[in-house]
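Read the structure below first, then the notes.
The values are calculated or read from the model by the stated rules, or taken from the named source; none is laboratory data. Quantities reported herein were computed from a predicted structural model and do not represent experimental measurements. With ideal geometry, Cβ positions are generated from the backbone for all residues, glycine too; neighbour counts draw on all protein chains shown. Ligands, DNA and RNA are stripped out before the accessible areas are found, and what is left, the full protein with its side chains, is counted by its heavy atoms. Shrake-Rupley method; radii C 1.70, N 1.55, O 1.52, S 1.80 Å.
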Amino acid sequence: MGNKERKSRRKVFRLWFSKRRSRADAASHLSEISDDDGQDDVYMNGLSVMSLDRRPCILNNELRIFVGTWNVAGRSPVGSLAVDLDEWLNLKEAADIYVLGFQEIVPLKPKTVIGAEDPTEATNWNVLVGKTLNSKYGGAWLTPMVNPITSDNYRYDQATESDSRLRNDYEIVSARGLSRTDYKLSDCVGSYKLMASKKMVGVFISVWMRRTLLKKYCVSEVKVSSVACGIMGYLGNKGSVSVSMSIGGTSFCFVAAHLASGEKKGDEGKRNRQVTEIFRRTSFPRLSQDCHKNHPLTILGHDQIFWFGDLNYRLYLEDNLARELIKRKNWSALQEFDQLGKELEDGGVFQGWQEGDIEFAPTYKYSSSNCNRYSGGLPSRAGEKQRTPAWCDRILWYGKGVKQLSYFRSESKFSDHRPVSALFSVLVKDQKCAHSSLVPFPPFSPLRNS
């Protein structure tokens, strides 16, 4: 190496070192030079690039959330429902998160309304949903967590989930006669994990998430809440069950509700009052072990909110006129008389909320199971309830970064309601540890005599 070149390299080194010393007290430091400092230094075209800035940055990532609601009329799930579930869950367009709300998973009789909660039917629905999701995308499926959460003090802890999950999965496999050598975790946990489910009498919510999201995002503060506002204002034949969670830097709230029935004038007021009560009484208390002390306490404190269920809003329209518009498939004309549409338009209890365009027939009330005919009408049938068809089953949302991709009903004849679902694209804030401003400088090697 010539003297001229050696002097040039020494000059570069002295200049770099003096600049490094002058920044010693600045907020962002240059990394120390060491043999294993490769994480902070990268080489591009002969230049060593070193991070100067460690400021946090926010990236917005897109997720797809499927939201569905179904009043199952007190009927227990059966294996033959797999085909109906496949259609309802729209498995041709797999979502990242499935949020399912059910109503009347048990008959609304005095014994079920007043008596102790029985998780049997909720567990059966979770098993069927889990098998449907994971047989489509995850192969064989076993899961230890199919029972609904019994306490509103539930909290999901992602930090300890992995180890406990492995232990519980092995316990189930062992109970089925498989040895540890036959067991592979990937064979049984499936692609979707049940994050939370909550039952209150007949209202039930079940939230499933792709397992890959648990590796990509910090999923935290998964909590549940229930509000009973039925008979006497406090029984659980009507009300809501809700799930709150944070994904990355975005908080979500999912509210599955079953509101007061009735199509008489003034019945919509009862539904509005129940909505107000659900807003007022739903809470997600902060716990000492929470990761984020600013996690929302109420429904409206969340970034993105989805409210769905048998909301029971009816039509301000005579029965024969409603049926005539249905026959013509004139959905836009029919919506002019929709009670919930009026609430959204007038800024009532759902002020600022949104709903997609309804381009499907009313979902209630069908005559009986395995029937495609609305109940009532003329000629009247003995023992059949006279009900004006209506869009009782709805999905609303609130917040920024939400885009509805589809809104439709399914055609299962399992109950007197048709299932409804919507697919959403949502933006999730993904907060990274650091953002690096890169400054290039010439590479150098220890100086040696030629």
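Treating the beta-carbon of each Lys and Arg as +1 and of each Asp and Glu as -1, no other charges, what is the dipole magnitude of segment 274-349 about its Cα centre, to the nearest 20 debye? Dipole about the Cα centre, nearest 20: 240 debye. Residues whose amide H comes within less than 5 Å of that of ALA390, counting only those at least five positions distant or on another chain, are THR363, TYR364, LYS365 (H built at 1.01 Å from N in the peptide plane).
Assuming charge only on the beta carbon of Lys and Arg (+1) and of Asp and Glu (-1), the dipole of segment 208-344 about its Cα centre is about 420 debye to the nearest 20. The distance between label points at LYS265 and GLU384 comes to 2.8 nm (points 7 Å beyond Cα on the Cα→Cβ vector).
Tally up the carbon and sulfur contribution to the accessible surface of segment 253-378 as a whole percent, 1.4 Å probe, everything protein left in place. Carbon and sulfur: 47 percent of the exposed surface of segment 253-378.
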